[in-house]
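The values are calculated or read from the model by the stated rules, or taken from the named source; none is laboratory data. The structure displayed is predicted, hence computed values, not measured ones. Cβ placement follows ideal geometry from the backbone for every residue including glycine, while neighbour counts extend to all protein chains displayed.
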């Protein structure tokens, strides 16, 4: 009789991914927090690749029964790692398939097809690239989270699944307004529109996620896992039909037009969003 090939142990891959994720596990519930040097992570080509690799490793370990995904610090992803995105053109072109297309498609595909367990996403603060958090079975967020489709200000087509997820959850017209008019959705409105399940103070997010996990874990292993596949079926059909075309459009436009993966644009957007938030709060306080 041949032997079963052993899954990679938690003790192995938790160390392998330690530069990008802090992992803990108790009673089958694995908590994975993105980070950079123990604080809020920055978006980089390295993290872009590590995410789908992590999803595959976590999904392949049969000791994992539920995933809680979050970030350390007070932000989800709010800055670019300029050193990472500053790869010289002559070095980038030969690597572009791996850095963009392969890593970009596997990020979404590995989330949907490699994780056969329930996923709770905890968006702990402001940021971008919320698409894989919104693909989670349950999503909770902090009050200062703003959901946006900001590809156009960066000179990019919204094709990396962010828009696709908004279109599915919000409807075409709202998603179009987010994409074309840079119209953000604050956390309270996101709850009203069904983007997230709950909005809680930052310090209450992880305790609440663990409470949710405890409720789910009361069910049998087979029921949990098969229910998860049922919940993901709609996403899998959508991504099978549309995602590669969306992503292909973004990649083509990035080659033939000006793109700006830079923190200067991020700072401009932050200032714009802060002004909009202040105006909204001022209007709310003026209401009788």
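Observations
- Residue 67 vs. criteria over 20 Å from residue 12 (Cβ atoms) and either touching a strand residue (DSSP E or B) at 6+ places or on another chain (Cβ under 6 Å) or part of a helix (DSSP H, G or I) (or both): no
- Set side by side, the residues 99, 77 differ, and just one is touching a strand residue (DSSP E or B) at 6+ places or on another chain (Cβ under 7 Å) and at pLDDT below 95, which is 77.
- The one condition in (1) assigned to a loop (DSSP other than H, G, I, E, B); (2) in contact with a helix residue (DSSP H, G or I) (Cβ under 9 Å, 6 or more places away or on another chain); (3) buried (at least 17 other Cβ atoms within 10 Å of the Cβ) that residue 107 fails to fulfil: (1)
- Counting only residues that are under 28 Å from residue 142 (Cα atoms) and part of a loop (DSSP other than H, G, I, E, B), the stretch 70-91 holds 9 of them.
- Of all the residues in the stretch 31-47, those that are surrounded by fewer than 21 Cβ atoms within 10 Å (Cβ to Cβ) and within 20 Å of residue 119 (Cα to Cα) number 2.
- Pairs where the first residue, in the stretch 192-206, is under 18 Å from residue 171 (Cβ atoms) and the second is in a loop (DSSP other than H, G, I, E, B), C-beta under 7 Å, 6+ apart: none
- Here residue 25 meets each of (1) outside any strand (DSSP E or B); (2) touching a residue at least 24 places away in the same chain (Cβ under 8 Å); (3) more than 19 Å from the chain's Cα centre (by Cα) with one exception, condition (1).
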